[in-house]
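The values are calculated or read from the model by the stated rules, or taken from the named source; none is laboratory data. All values derive from a computational prediction rather than experimental measurement. Quick reminder, even Gly has a Cβ in these numbers, built from the backbone with ideal geometry, and neighbours come from all protein chains shown. Just the protein is used for accessible areas: all its heavy atoms, side chains included, with ligands, DNA and RNA removed. Shrake-Rupley method; radii C 1.70, N 1.55, O 1.52, S 1.80 Å.
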Amino acid sequence: MSDTADLLAELKQRVGCCIDEAKEKLHRLSKDIWSCPELAYEETQSHNRLVEFFSQEEGWKVDSHFKLETAFRATWGTGGSEKVNVGFLCEYDALPGIGHACGHNLIAEVGAAAALGLKAVLENTQKLPVQVQVMVLGTPAEEDGGGKIDMVREGAFEDLDVVFMAHPSKEDATYLPCVAEHDVTIKYHGKESHASAYPWEGINALDAAVLCYNNLSVLRQQMKPDWRVHGIIKHGGVKPNIIPAYTELEYYLRTPSRAELPVLKKKAEMCFRSAAAATGCEVEVQFARNKYDNMLRNAVLEELYEKNGKALGMDFTTDEEVLRNESGSTDFGNVTFVVPGIHPYFYIGSNALNHTEEYTVAAGEDRAQFFTLRAAKALAMTALDVLLHPELLQRVKQEFTEAKLKEERTQRKSTEQSA
């Protein structure tokens, strides 16, 4: 083995040991977040707990409210002006009603553990080929609103060379498809009237909502197979004998690529507005401030992570249906258009499905700890690969640039075709 290979093997072994040595305080961190579920942009206690955690760790510089009120940044470096800046992300918002049913307490733990382990081995290593900065970003509001998108807009990721996070699931996977998505709220305004005595005096906003729903259902037969439109009627009226003067719907629009999303949005908006025209209602179409991009993959990082994960005993899924059809959305997709990164998934010892009460329980169980720390080790080991082999980092960046250019060409083509 070469000197670099020997050093890399030694550092990978040490990073695992360092993470294991911190397992008790990492478990407490995760449990504290799990025990206090907070919604998007309101994660005050979870944010404060993470800020406290890094403030008590020697050597970290902590910015308590970084770009957003419930975001933070913790940094540590080896010195020097030219550094490779490696980032780890923590999420910690919960879901309404069912708490940490997506396991964001474990995402926070993984990010913290990987960063602690990497720092511990690097600060005692003199033979690094590059100077390093390790950065941890606390990113709120993944479940609703897209805190990372706000942070992208504020330039929070501009200094990073590569970024890592890992998401709990019911299987180990280097990648699961995450699609582009945009929320939209549709509000119809009509006119109240007695529904039996003089219905002709009313303008029925519920009719507009029902037509909107049906218009979208008819649109489905003209949609591409991998497009998704799903929604609810949030407000349908107040009493059966009153013509509804106001109705409200909420829909999510999803496409595999952000390049296709404007095409679907244009078609959906015609459905919204035609329902208003048919019923005589006024309509408000309010698209959410942030839209979620699809994930820009990085095969170099994925292969490194899988190799490290297998060395730790991970059993990566080969189920083609899972690998092809998973179609959630995440604001990490927007990050991957700014800096190369990966968002692998890790098994936590349960077959429960995300966004269920069963997964909330699983995310808080002691059994999840072994698997969570294993994912953190794999992330830290992958970071070591790119730090000790600068040519790997160059390949990562080259693939990122090429993938981004390909997406931009696709977007231009879609825009031209829909014009």
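When V132 is tested against (1) touching a Ser or Thr at 6+ places or on another chain (Cβ under 6 Å); (2) assigned to a loop (DSSP other than H, G, I, E, B); (3) aliphatic (A, V, I, L, M), exactly one condition is not met: (2). What are the residues in the stretch 384-408 that are closer than 13 Å to L304 by Cα, hydrophobic (A, V, I, L, M, F, W, C) and surrounded by fewer than 20 Cβ atoms within 10 Å (Cβ to Cβ), if any? Once the filter is applied, which keeps residues that are closer than 13 Å to L304 by Cα, hydrophobic (A, V, I, L, M, F, W, C) and surrounded by fewer than 20 Cβ atoms within 10 Å (Cβ to Cβ), the stretch 384-408 yields only L392.
One line per residue, one yes/no per condition, for (1) over 14 Å from F332 (Cα atoms); (2) of a type in the set (G, A, S); (3) at pLDDT below 95:
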| site | (1), (2), (3) |
| --- | --- |
| H100 | yes, no, no |
| K127 | yes, no, yes |
| A141 | no, yes, no |
| M151 | no, no, no |
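All of (1) surrounded by 24 or more Cβ atoms within 10 Å (Cβ to Cβ); (2) aliphatic (A, V, I, L, M); (3) part of a helix (DSSP H, G or I) hold for A141 with one exception: (3). Of the strands (runs of 3 or more DSSP E) entirely within the stretch 192-302, those holding at least 2 residues that are in contact with a Gly (Cβ under 6 Å, 6 or more places away or on another chain) and not charged (D, E, K, R) occupy 246-255.
Quick check: is even one residue across the stretch 305-315 within 20 Å of the chain's Cα centre (by Cα), in contact (Cβ under 8 Å) with a residue 60 or more places away in the chain and open to solvent by less than 30 Å² (accessible area, probe 1.4 Å)? Yes - at least one qualifying residue is present in the stretch 305-315.
Checked against the criterion of being over 30 Å from E399 (Cβ atoms), in a loop (DSSP other than H, G, I, E, B) and open to solvent by 40 Å² or more (accessible area, probe 1.4 Å), the stretch 179-190 has no qualifying residue. Of all residues in the stretch 86-98, those being farther than 14 Å from A114 by Cβ and open to solvent by less than 10 Å² (accessible area, probe 1.4 Å) number 3.
Among the residues of the stretch 222-281, those that are hydroxyl-bearing (S, T, Y) and farther than 29 Å from F337 by Cβ comprise Y246, T247, S274, T279.
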